[in-house]
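Below: one structure, written as structure tokens.
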Number of protein chains: 2
Amino acid sequence: MNEGSLTRLFSALADPTRRAILARLAEGEATVTELARPFGLRQPSISKHLRVLEEAGLIRQARDAQRRPRRLVVGGPLEEVDRWLHPFREQWERRFDALDSFLSRRSRTRPRKGETP
Amino acid sequence: MNEGSLTRLFSALADPTRRAILARLAEGEATVTELARPFGLRQPSISKHLRVLEEAGLIRQARDAQRRPRRLVVGGPLEEVDRWLHPFREQWERRFDALDSFLSRRSRTRPRKGETP
């Protein structure tokens, strides 16, 4: 994924309504009407959000010409976000490992009250 | 993390220069001058990017009054992105599991050439 696509993706995620739409679609496909209802949005504004999500590759239209439901693209761009997080995740995991080994060293050298060392 | 913070965070990540700054800081702290150099940016524009990253909680100033280096906040907001990805990650992992079991079923029922079933 190039930098432009990653920028488009993060921009698409930088909106609470769009994130809520994605969360709804993670549970299963939904029509525009079904998606608009919980947000109290009119069709043009929900359509605009859907277009942004579609252009970022996050959702697509399912093959049902009548209802035209939207569905989440499983994996795809969100796997890219996951991959992008990788070097940062390594850092916080290293921090947890360091804490773990500190605590286990501490419990070996300082037996709890009533315990024989 | 509330929706407002998550929106601020994704907006901060929706810029290739800011993502590159984070990647640089993942390797260790750096001063504004050191950060500006590889991007050929002037101080005001790098400072603006740093302010956006700071407001999103992604970086902070290290305790060195002279050099004022910036450092990555380990974990914090990026762990929130990781947590936000969780329900979506479950979906793509389910898909991989389904593919795995399909392939192992297939290799059990269709022995390779020359193999006795």
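Read-outs throughout are calculated quantities, based only on the coordinates presented, and are distinct from any laboratory measurement. Remember, it's a predicted structure, so these values are computed and weren't measured experimentally. Here the Cβ is made from the backbone with ideal geometry for all residues, glycine too, and neighbour counts use every protein chain on show.
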Legend entry - Inter-copy separations for A:E55, label at 7 Å along Cα-Cβ, nm, ascending: 2.3
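When all alpha-carbon pairs of the protein assembly as shown are counted, what percent fall beyond 26 Å? Display every interim value, and only then the final one.
Details: 14678 of 27261 pairs.
Every Cα pair in the protein assembly as shown considered, those over 26 Å come to 54 percent.
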Inset, instruction - Be a star and scan region A:30-49 for residues whose amide nitrogen sits under 20 Å from the point 7 Å along the Cα-to-Cβ vector of B:Q91. - result: A:30-39, A:46-49
Legend entry - Gap separating the Cα centres of region B:54-90 and region A:9-61, nearest whole Å: 27
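Classify region A:49-88 from the C-alpha gyration tensor, please: rounded if a/c falls under 1.5, else prolate or oblate depending on whether a/b exceeds b/c.
prolate
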Inset, instruction - Report the FRET efficiency, 1/(1 + (r/R0)^6), for A:T17 and A:R68, where r is their Cβ-Cβ distance and R0 is 25 Å, rounded to 0.05. - result: 0.80
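Could you tell me the calculated FRET efficiency between B:E3 and A:E27, based on Cβ-Cβ distance and R0 = 22 angstrom, to the nearest 0.05?
0.75
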Legend entry - For region A:57-68, Karplus couplings with θ = phi - 60° (6.51, -1.76, 1.60), whole Hz, Gly/Pro x: x, 7, 10, 8, 7, 6, 7, 8, 4, 6, 7, 6
Legend entry - Neighbour net charge for A:W84 - beta-carbon separation under 15 angstrom, K R +1, D E -1: -2
Inset, instruction - Let me know the charge dipole size of the protein assembly as shown about its Cα centre in debye, to the nearest 20, where only the beta-carbon of Lys, Arg (+1) and Asp, Glu (-1) is charged. - result: 140
Inset, instruction - Note down, for chain B, the three equivalent ellipsoid semi-axes (square root of 5 times each alpha carbon gyration tensor eigenvalue), biggest first, whole angstrom. - result: 46, 18, 12
Inset, instruction - In whole Hz, with x marking every Gly and Pro, tabulate ³J(HN,Hα) for region B:71-83 from phi via Karplus 6.51 cos²θ - 1.76 cosθ + 1.60, θ = phi - 60°. - result: 9, 6, 7, 5, x, x, x, 5, 5, 5, 4, 4, 5
Inset, instruction - Quick one: what are the phi-derived ³J(HN,Hα) couplings along region A:38-52, Karplus 6.51/-1.76/1.60 with θ = phi - 60°, whole Hz, x for glycine and proline? - result: x, 9, x, 9, 7, 3, x, 6, 5, 4, 5, 4, 5, 5, 4
Legend entry - Test item: Cα-centred dipole of chain B, Lys/Arg +1 and Asp/Glu -1 on Cβ, debye: 440
